[in-house]
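Please treat every number below as a calculation from the coordinates, not as lab data. Keep in mind the model is a prediction, meaning the values are calculated, not measured. Neighbour counts are summed over all protein chains in view; Cβ atoms, including those assigned to glycine, are modelled from backbone coordinates with ideal geometry.
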Amino acid sequence: AQRVTQPEKLLSVFKGAPVELKCNYSYSGSPELFWYVQYSRQRLQLLLRHISRESIKGFTADLNKGETSFHLKKPFAQEEDSAMYYCALSGSGSARQLTFGSGTQLTVLP
Amino acid sequence: GAVVSQHPSWVICKSGTSVKIECRSLDFQATTMFWYRQFPKQSLMLMATSNEGSKATYEQGVEKDKFLINHASLTLSTLTVTSAHPEDSSFYICSVPLLRLAGGPINEQFFGPGTRLTVL
């Protein structure tokens, strides 16, 4: 069975401070890991995926297979980063269903 | 990216009635669509996989006779909540997966805006 755990429901940081949203997963094969973001009153959208090794809006996430983690990081948080963040896992194969973590509500304070 | 629409965006109905929710992929064809349910302050839970030309695949614990899925065409999937009850009140979200192979396989899902169902 696959599982995604986001231990923090709420996270508040001040503008300009570093932020890290934690995500741990369990999966027996080689998963694809994603971070999705949902801004207020908007639909869920992809922020980044581990295979692309990209930085989007200053956010990065590194897949650590040893620790089975995919933490999302940003060195300097901005107020517009305030949103709900979901870590998600897709198993290998053609199914492509996503298993979501419970989400972390990030609030960046001025 | 792909554009996915849902209709209606919200619906209020009486207990015992049925409600149909549509999910449309506006700019590309999708043989597969996913239906999720999200309760307040909780995560998205996959309900079922809608398959064009064949039966939907339901996740464990989801009643297929209650949540009827019809993948009518390559751009439309419908979810019908039959004999709705207050406990079915939730946010229903569909997504369309896109697997791009150019430059290496990329698996991405595009989400609809969701439908808020309230059963009185």
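Local charge for B:ILE93 was computed over the other residues whose Cβ lies under 11 Å away, with Lys and Arg +1 and Asp and Glu -1, and equals +3. Across all directions, the average flat footprint of the convex hull enclosing the Cα atoms of chain A is 6.7 nm². Other residues lying with their Cβ under 13 Å from the Cβ of A:GLY103 contribute a combined charge of +2, Lys and Arg counting +1, Asp and Glu -1.
For the pair A:GLN45 and A:GLU8, a Förster radius of 25 Å applied to the C-beta separation gives a FRET efficiency near 0.75, rounded to the nearest 0.05. When the chymotrypsin sites (Phe, Trp or Tyr not before Pro) in segment A:9-110 are filtered for DSSP coil states and for at most 14 other beta-carbon atoms within 10 Å of their beta-carbon, the remaining sites are A:TYR39, A:PHE76. Summarising the strand pairing of chain B, around 90 percent of its internal DSSP beta bridges are antiparallel.
For the protein assembly as shown, taking a cut-off of 4.7 Å between Cβ atoms, the unpaired cysteines are B:CYS13. Overall size of the protein assembly as shown from C-alpha positions, given as principal axis extents largest first: 50, 39, 33 Å. Overall shape of segment A:1-60 was characterised from the C-alpha gyration tensor. The equivalent ellipsoid obtained from it has semi-axes of 22, 15, 13 Å, in decreasing order.
When the Gaussian network model of chain A links Cα atoms closer than 10 Å, the mean-square fluctuations of A:SER55, A:SER30, A:SER69 top out at A:SER30. Between A:ASP62 and A:PHE76, the modelled labels are 2.1 nm apart [label points 7 Å from Cα along Cα→Cβ]. Taking a sphere under 12 Å around the Cβ of A:GLY16 and counting the other residues whose Cβ falls inside, with K and R at +1 and D and E at -1, yields a net charge of 0.
For segment A:12-110, a crude dipole built from +1 on the beta carbon of Lys and Arg and -1 on the beta carbon of Asp and Glu, taken about the Cα centre, is about 160 debye to the nearest 20. Taking the Cα centre of chain B as reference, the dipole from Cβ charges on Lys and Arg (+1) and Asp and Glu (-1) amounts to some 160 debye. Taking 37 °C and 0.692 mPa s as conditions, segment B:33-120 diffuses translationally at an estimated 236 µm²/s according to Stokes-Einstein applied to its Kirkwood radius (Cα pairs). The B:VAL3 and B:THR80 beta-carbon pair, evaluated with R₀ = 25 Å, returns a calculated FRET efficiency of approximately 0.60.
Averaging 1/r across all pairs of distinct Cα atoms in segment B:26-77 and inverting the result yields a Kirkwood radius of 11.7 Å.
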